[in-house]
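The structure under discussion appears below in the form of C-alpha cells.
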Amino acid sequence: MVTGSTSGGSAGSAKNRIIDMLKADHKKVKKAFKDFEKLDSQEDAEGCEALVQQTCAELEVHAELEEQVFYPAAREAMKEDDLIEEAEVEHMTAKVLIQQLKQMSLDDEKFAATFKVLGEYINHHVKEEESEMFPALTRRDVDWDGVLEQMRTLRAQLLEDRGLPSEEEESESEKASSPRSSSSRRSGATAAEDRPQASQSPRSSAEKKK
C-alpha cells in the first residue's frame, strides 16, 4: 500500500473520502442504538428484532472493512500503532456481543441489555477513532487512492453477502421516503391547483359580448 508515486492532493482527497465513509457508518449505527431505546419490545417485537439484526450485520461489514483494508493502511500512516491494537481488541469484544445476540431472542431477559452494552462499546470505539486515530493519519506515503478502491470493492461484496442494501439502493430509498421530497411534490401539486386559469382569448371575449 506504500507508494511514492501518488500525488499529495489526490491521496489527501482519497483519505478524506475514506474517513467520510467510516464516519457515515458510525453515524448510522449510533442512530440505530438510539432508535432501539425508543422502541417498545412489547408493541413492536418484530421491529426491535429487525433493527438489532440489521445493526449487527452492518457492524460486521464495517469491522471487516477496517480490519482487512483500512487498519493495515492506517498502520503505515501513523507513527505509532497503539491505537490500531486497541481498536482491534475492541472489535473482538464487539464480535463476542454480536455473537451472543445472534443466539438470543427478544424474549431473553438479557437481549436488550446486551444490545445496549454493545452500543456503549461502539460509541467508545467511534469516539477514539474519530478524535484520535483519524487525525493521526499524517504520513504521506500511503496509496490512499488504492485503499479507497479496495474498500469500495470489498464493501459492495460484504453488503451483498449479508443481504444488505447497497449504498446506491439505500440512497434511493432515503430519497423516496424523504419528507422533504413528499412535501415538494405536494407543494408542486398545490401550486398547480392554485395557479390562475389562463384568460380567455380576445376572440372568445368578443363572442360573449355579441
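Search region 137-155 for residues being touching an Asp or Glu at 6+ places or on another chain (Cβ under 8 Å) and of a type in the set (A, V, I, L, M, F, W, C), and hand back the single one that is surrounded by the most Cβ atoms within 10 Å (Cβ to Cβ). Ranking the qualifying residues of region 137-155, first place goes to Val142. Leu101 meets all of the listed conditions (1) at pLDDT 95 or above; (2) more than 19 Å from the chain's Cα centre (by Cα); (3) over 19 Å from Lys31 (Cβ atoms) but one, namely (3).
Scanning region 103-119 for residues that are more than 16 Å from Leu39 (Cβ to Cβ) and exposed (fewer than 11 other Cβ atoms within 10 Å of the Cβ) yields a count of 2. Based on this model, can you work out whether Glu128 counts as surrounded by 13 or more Cβ atoms within 10 Å (Cβ to Cβ), of a type in the set (Asp, Glu), part of a helix (DSSP H, G or I) and modelled with pLDDT of 95 or more? Judged against the criteria, Glu128 is a match. Residue by residue through region 140-166, note down the ones that are assigned to a loop (DSSP other than H, G, I, E, B) and of a type in the set (A, V, I, L, M). The answer is Leu164, and nothing else.
The values are calculated or read from the model by the stated rules, or taken from the named source; none is laboratory data. All values reported here derive from a predicted model rather than from experimental measurement. All Cβ positions, glycine included, derive from the backbone under ideal geometry; neighbour counts span all protein chains shown.
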